[in-house]
Amino acid sequence: MSGTNSGGARPRFYSVAEVARIFGMSRVTVYRAIADKEFPAVKIRGRLIIPAAAVDAMAEAAVTAQGVVDAAAFTAEGA
């Protein structure tokens, strides 16, 4: 489930801590964004994980737009 895996294959999900490191922000900020429905996540028995595809899509959208994208647009409410 985490970004590090033994097979060298790309992860399908990241932990909140991993996403915080990727984006250079605190875990609390990521948790708050998820709670406010401003950031996509999957909840399994109280644990939150973030699809790697969502992180990739955000980065691709920012590059394509050559500007700022809102993470909330990648949630069910933002779609």
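For the stretch 58-79, the set of residues classified as part of a loop (DSSP other than H, G, I, E, B) and farther than 16 Å from Pro40 by Cα consists of Gln66, Gly67, Val68, listed by residue number. Give me the pairs, please: first residue somewhere in the stretch 50-65 and closer than 12 Å to Pro11 by Cβ and in contact (Cβ under 8 Å) with a residue 40 or more places away in the chain, second residue anywhere and surrounded by fewer than 17 Cβ atoms within 10 Å (Cβ to Cβ) and polar (S, T, N, Q), beta-carbon distance under 9 Å, and either six or more positions apart or on two chains. Correct list of pairs: empty, since none qualify. Looking only at the stretch 17-28, which residues are more than 14 Å from Ile50 (Cα to Cα) and either in contact with a helix residue (DSSP H, G or I) (Cβ under 8 Å, 6 or more places away or on another chain) or in contact (Cβ under 8 Å) with a residue 40 or more places away in the chain (or both)? Ser26 - this is the single residue of the stretch 17-28 that is more than 14 Å from Ile50 (Cα to Cα) and either in contact with a helix residue (DSSP H, G or I) (Cβ under 8 Å, 6 or more places away or on another chain) or in contact (Cβ under 8 Å) with a residue 40 or more places away in the chain (or both).
The requirement of being loosely packed, with under 13 Cβ neighbours inside 10 Å and at pLDDT 95 or above is not satisfied by Ala65.
When the criteria are applied in full, Thr29 fails the requirement of being under 24 Å from Arg10 (Cα atoms) and among the β-branched types (Val, Ile, Thr). Within the stretch 4-57, the set of residues being of a type in the set (A, V, I, L, M, F, W, C) and loosely packed, with under 11 Cβ neighbours inside 10 Å comprises Ala9, Val28, Ile44.
The values are calculated or read from the model by the stated rules, or taken from the named source; none is laboratory data. Since this is a predicted model, take the numbers as computed values, not measurements. All Cβ positions, even for glycine, are placed from backbone atoms using ideal geometry, and neighbour counts span all protein chains on display.
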